[in-house]
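The structure appears right after this line, and notes come after that.
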Amino acid sequence: MTLAEKIGQMRQINASDGYPPDWLGDELRAGRVGSILNNVDVGMVNEMQRIAVEESRLGIPLLVGRDVIHGFKTVMPIPLGQAATWNPDLIRDGASVAAREAATTGVNWTFAPMIDISRDARWGRIAESLGEDAYLTSELGAAMVRGFQGDDLSESGTIAACAKHFAGYGAAESGRDYATTNIPENELRNVYLPPFQAAVDSGVSSFMTSFSDLDGVPATGNAFLLRQVLRDEWAFDGLVVSDWDSVRQLQIHGLTENDRESAFEAVTAGVDMEMHGDAYANHLESLIEDGRVDIATVDASVANILRIKFRLGLFENPFTDPDSLPPIGDPEALETAEQLALQSVVMLRNEGGALPLSAESMNSVAVIGPLADAPIEQLGTWIFDGDRELSITPMHAIHTLVGHDIDVRYLRAMETSRSHSTEAFDEAVEIASETDAVVLFLGEESILSGEAHSRADISLPGAQAELVRRVRATGKPVIAVILAGRPLTLTDIVDDVDAILFAWHPGTMGGSAIADILFGRQSPSGKLPATFPRMVGQIPIYYNQKNTGKPPSPDTVVHIDDIDAHAPQLSLGMTAFHLDAGYTPLFPFGFGLSYTRFEYRDIEIGSDEIRLGESLLVSAELANVGDVAADEIVQLYVRDLVGSVTRPVRELKGFRRVRLEPGESARIEFTLHTDDLAFVGRDMQRSAEPGEFHVWIGGSSEADLQANFRIVADD
Ligand code: BGC
């Protein structure tokens, strides 16, 4: 390869402008392009591959990239919603549907999974994440990788996955997208990096760098991340792509003076391919000629890129025949989307058994709200290719399910979720008064979350809280179904509704799933993958916090309204709480209600002492003591009481989705190896330490069924 051909491989071009314009055709012929993104017209993609393969000197096929984040034409719930299923197999299936639909267009590389830990619901991209927990994100992210890539990347219908954004992007200050992150190395290694290491272990083909600045060195120029951790420690042999123009942005960050220096920093840090930017194309050659960059650096990058092209089988099969794959939106795709939506819905409240509604014992239902019948708004962020025509809206599904038996009255009431007009609220009240129950479809439209869509106030936007209060005043049962791209602060409305179903942006089949849950065809079974704060000022709030030297407890909390006039400074609880919010969230991580009642009993541990390198069996009995069959997500948490660095008050170490019939019970077993209890200590090495542990099994991060054990040192 000539130097120009090598540098060509390191260049990814935005090809969204339709048929390869002359200039792009010329670049392809000259071997100056290694990858394109954002063209999903199979005819055009095949033509670009043809030029690359037949008309360039070396005939190297193209990587064809696209953000296939949660489905392609058939849209699955947003990733945060998928995380609420706690179901790795189903998530794998969703990614595999997305891969084969995308592959019909010639796409062979997706920029997913996004596995940035996020403890801040203001951040718009929490929607694309798998939530706040490193273990859950690791398990589910790896499942997505397996779904996209299948067992063999060279098979048709599989596409290369990309672990992004490496690393720390989710810690953007104040949840403002692209803002600076400062993460101490110990926290980086214990919280933010494990999902990426799990992605490497699952065989992910590529990594994308983050836009963000990490401790003063933007990720796209960060050799500690890209060389020391990713290549040296984890032995990753795939390719690293920058984020969109993030090489040139090194200058805007203030790390470099110009594009040439940005190319130098990025390539030496270990960025193999530049996404949509021309710093590499314009400057790498002269950097090598001047001896600033070693040719071996470029050779290694090109090898990383070609390796993925070989693994994809592109040299044998560069072209796409869409008819060789199942049709878009086939029954299997829709069924997978529906199952994911169904299992993602989290019931947050159900006072007096308000849900499920029974079509047999009512005559009418009011369906009110801006998100009841809005095909695009249930799809969420990153739906470049999502087909709104496929969407089954809740309104449509409720009609289909019970429209023959009861009167279904619909009113949109607000033009968008952000509307401030209350003009239609009188009519909403009238309809509510005339029906037996009201289902309000509230939340955020698709556009309010996702990249560059952060919010400082994460309550229900517009006049929605007012709508809730007006409808509430009718005295009718009020059910809120909330569609949103993030946890919301629901403190405002939580006591004004009888039940809440939190449905995220549920995707194409969201309506059917919601209708089935509302009318009791299925029990809700999702559990929260992220903590719901009472108010925004509690953020960051997450379950696996540290204990502090002054941990709060119910008897130390004082509320601002209860402070005596002229109280002296030291009269309060002197623990870690807010005077106006206490210290607990509105809904904790792992929480979610069911139509049945589950009881946890009789926790057992195989031994109360194990040695380093040994495993421990932990089990508890789960009983369905309610009236309906349902799934429960059984969760295992541990606390390492003393460590060489302080340890979280709880950490998720296992989970399992279990289905039980009414009256049925089962013993649920987990195996904990001491490696599962390892953490990165003061020396930045990962190891388990001897000492005392608590372990809990239960239905949320507040589980209280506890046992204790010790790890003893080898003598
Ligand atoms: C996002 C990436 C995405 C890329 C390509 C960027 O703005 O940060 O996540 O993959 O665009 O669309």
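The values are calculated or read from the model by the stated rules, or taken from the named source; none is laboratory data. This is a predicted model, so every value here is computed, not measured. Virtual Cβ from ideal backbone geometry, glycine too; neighbours counted across all protein chains shown. For the accessible areas, the whole protein counts, side chains as well, though only heavy atoms, and no ligand, DNA or RNA atoms are used. Shrake-Rupley method; radii C 1.70, N 1.55, O 1.52, S 1.80 Å.
Going by the alpha-carbon gyration tensor, a ≥ b ≥ c the square roots of its eigenvalues, is region 355-445 rounded (a/c under 1.5) or, if a/c is not under 1.5, prolate (a/b greater than b/c) versus oblate? Spell out each step's value before the answer.
On the way: a/c = 2.71, a/b = 1.31, b/c = 2.06.
Oblate.
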Notebook entry, point to check: In vacuo Debye scattering of region 338-518, one point per C-alpha: log10 I(q)/I(0) at q = 0.09, 0.12, 0.14 Å⁻¹?
Noted result: -0.27, -0.49, -0.68
Item checked: Extreme residue, positive dipole direction of the chain, given options Gly450, Ser286, Val68 (C-beta unit charges) -> Ser286
Check: Under a point-charge model restricted to the Cβ atoms of Lys and Arg (+1) and Asp and Glu (-1), what is the dipole moment magnitude of region 598-712 relative to its Cα centre, in debye to the nearest 20?
Finding: 440 debye
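Run the helix sum for the chain: -39,500 (n - 2.57) per DSSP H stretch of 4+ residues, divided by residue count, reported at 222 nm to the nearest 500 deg cm²/dmol.
Result for the chain: -7000 deg cm²/dmol, rounded to the nearest 500.
What percent antiparallel are the DSSP beta bridges of the chain, to the nearest 5?
Here the antiparallel bridges make up roughly 55 percent for the chain.
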Notebook entry, point to check: Counting DSSP beta bridges in region 338-518, what percent are antiparallel, to the nearest 5?
Noted result: 20 percent
Check: Which whole-number percentage describes the relative contact order of region 598-712, with Cα contacts under 8 Å and a sequence gap of 6 or more?
Finding: 34 percent
Note to self: Please report the spacing between the Cα centers of region 541-618 and region 52-103 in Å, no decimals.
What the structure shows: 39 Å
Note to self: Can you list the DSSP H helices in the chain whose Cα atoms extend at least 18 Å along the helix axis and whose mean Kyte-Doolittle hydropathy is -0.5 or higher?
What the structure shows: 88-103, 134-149, 295-311, 331-344
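Against the 2.2 N^0.38 Å scaling, with N counting residues, where does region 210-318 land? I'd like the Cα-based Rg ratio to two decimal places.
Dividing the Cα Rg of region 210-318 by 2.2 N^0.38 Å gives 1.06.
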Check: By average Cβ neighbour count within 10 Å, what is the ranking of 481-490, 59-68 from highest down?
Finding: 481-490, 59-68
Next item on the list: Would you work out which of Ala269, Ser138, Ser459 lies farthest towards the positive end of the dipole of the chain, given +1 charges on the beta-carbon of Lys and Arg and -1 on that of Asp and Glu, about the Cα centre?
Entry: Ala269
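Evaluate the charge dipole of the chain about its Cα centre and quote only its size in Debye, nearest 20, assuming +1 on the Cβ of each Lys and Arg and -1 on the Cβ of each Asp and Glu.
Around 520 debye, computed over the chain.
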Notebook entry, point to check: Once Lys and Arg get +1 and Asp and Glu get -1 on their Cβ, which of Ala127, Thr104, Phe679 lies farthest toward the positive end of the dipole of the chain?
Noted result: Phe679
Notebook entry, point to check: What is the count of Lys pairs in the chain whose alpha carbons sit under 30 Å apart, if the two are 8 or more places apart or on different chains?
Noted result: 15
Check: Using only the Cα atoms of the chain, what do you get for the radius of gyration and for Dmax, in Å?
Finding: 26.4, 84
Checklist line | Equivalent-ellipsoid semi-axes of region 598-712, from the Cα gyration tensor, Å, largest first | finding: 29, 13, 11
Notebook entry, point to check: With every protein chain present, what is the per residue accessible area of the chain (1.4 Å probe, Å²)?
Noted result: 37 Å²
